[in-house]
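Have a look at the structure below before the remarks.
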Amino acid sequence: DPPSSSSTQNSVVPELPGFYYDSEKNRYFRLLPGHNNYNPLTKETIQYKAMECKRLRLLEDEEMQKKKTARAGLNSSVLLQKRQLGLLSSTSYCRLVHELKVNCMQRRKIEIHSPDSSVAGTNNFKIIVADVACERIFTVNDVEHGGCKYGIINLSGLGKESLTVEMYDNLYFTNRKVNAVCWASLTHPDSHLCLMGIAETPGSASLLPASLFSSTNPGDRPGMLCSFKISTAWSCAWCLNPQADNCFSTGLTRRVLVTNVVTGHRQTFGTSSDVLAQKFAAQTPVLYNGCRSGEIFSIDVRQRNRKGQNWKAIRLFHGSAVTSVHLMEAEHYLMAADMAGKIKLWDLRTAKCVKQYEGHHNEYAILPLHVNEEEGLLTAVGQDCYTRIWSLQDAHLLRTIPSPHPSSKDAIPSVVFSSRLGGSRGVPGLLMAVKQDLYHFSY
């Protein structure tokens, strides 16, 4: 592979301060300061050029289907043979089939239809979050004049042949910049949305009925259920455990706020650091929090506020700010990612890290993890704009997907993965929102 040989040659050449060595021309060039507009040769432009070359090469490979399977000798006929001979359990067989399918996914662009045709496809996607059944996707789009536009995309029309989805907006809502979103089940599963806005100081927390974004009964719209001012909000989570019914949590600057949306009762827990990631357990009313300091701790929300921090139960530590936490189904394990690009699987019973998933890239962004236990897959988008998919089982990196757009801070893709996009009879695959486009990687 020529690029790797040039990089090894490059690493042998001594580095001179203020100079850049070009391996192709076999000579040094002086680095110019970034503000110099006359042919500026800076480390940033060199790095960007190298990254762009790599991205375009990977895109070409994807087009040519040069993609090999992530594991040597793994193909569908071998798998089927092993399964028939009883050498593979049905769980292992299903997991390996998903691995094969992930490697064969092909990118296709989705056409977005909107009743208000002036809004479809004109604003950059910032966040997409699927409901539990993967039937609907809540979208947050940046608007040119500042603020955000919210919408819900219905995935029921997403078939193997047709690639069209309906998007419903609500343009009458005051659209604050949004930092965190989660679906909330108040009257029925995924009936509402928790939104954490940080454009203003103070920020705000809102609970919106999902029916605000619907094509039916435009006149009969329910109002916002709850909205209040808070200090800068970083994260949010909804509690599905009946012992802390109708509660959602907000991760703030150096504190956690748990609110009952029906009674209005609030509990505050002071922390020593900003809470950037949150997740409730389903089997117990316990909230897991990931902090800027790298600490992860849990709170049993049934206990009343206590002075100090002796209410912290489990405590784990990352070497960098924790950006995402995910509780595994059996609730004995917790997956967490941080700003150093580390993704770790923690055993909550021993408070030890049992697995690490290598290759994720992060330096300062709050980026989510997407865990699909049934399919045995972990997906994360890095700050370098690559979407990576690992095997949950053995932390093997299965696939690295380049972004269809040049990488930049405002073009980090937002993704959703499911083997049932559009509900129980839906199609499998990965949805990727980047810039103004929505893509489906089908398998």
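Overview of values
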| quantity | calculated |
| --- | --- |
| Strands (runs of 3 or more DSSP E) wholly inside region 230-277 that include at least 2 residues being open to solvent by 20 Å² or more (accessible area, probe 1.4 Å) and over 22 Å from His192 (Cβ atoms) | 266-270 |
| Filter result (at pLDDT 65 or above, of a type in the set (S, T, N, Q), open to solvent by 90 Å² or more (accessible area, probe 1.4 Å) and within 24 Å of Ser407 (Cα to Cα)) within region 1-59 | Gln47 |
| The lone exception for Gly290 - which of (1) farther than 14 Å from Leu195 by Cα; (2) in contact with a Phe, Trp or Tyr (Cβ under 7 Å, 6 or more places away or on another chain); (3) open to solvent by less than 10 Å² (accessible area, probe 1.4 Å) it fails | (2) |
| Of the criteria (1) in a loop (DSSP other than H, G, I, E, B); (2) within 15 Å of Phe417 (Cβ to Cβ), which one Thr350 fails | (2) |
| Any pair with Cβ under 9 angstrom, 6 or more apart, that starts in region 396-407 at a residue that is assigned by the TED database to the domain that holds Met432 and free of Cβ contacts under 8 Å to residues at least 60 places away in the same chain and ends at one that is of a type in the set (Val, Ile, Thr) and not in a loop (DSSP other than H, G, I, E, B) | His405/Val434 |
| Exclusive hit being modelled with pLDDT of 95 or more, at positive phi and more than 15 Å from the chain's Cα centre (by Cα), set Gly429, Gly422, Gly359, Gly376 | Gly359 |
| Close pairs from region 270-289: first under 14 Å from Ala233 (Cα atoms) and touching a residue at least 40 places away in the same chain (Cβ under 8 Å), partner in a loop (DSSP other than H, G, I, E, B) and not basic (Lys, Arg), Cβ under 6 Å, at least 6 apart | Asp274/Thr253; Leu276/Ile366 |
| Residue identified as crowded, with 18+ Cβ neighbours inside 10 Å and either among the charged types (D, E, K, R) or in the same structural domain as Trp390 (by the TED database) (or both) among Ala351, Ala313, Ala336 | Ala336 |
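The values are calculated or read from the model by the stated rules, or taken from the named source; none is laboratory data. Quick caveat, the model's predicted, so the values are computed rather than measured. Quick reminder, even Gly has a Cβ in these numbers, built from the backbone with ideal geometry, and neighbours come from all protein chains shown. Please note that ligands, DNA and RNA were not included when accessible areas were found on the heavy atoms of the full protein model with its side chains. Shrake-Rupley method; radii C 1.70, N 1.55, O 1.52, S 1.80 Å.
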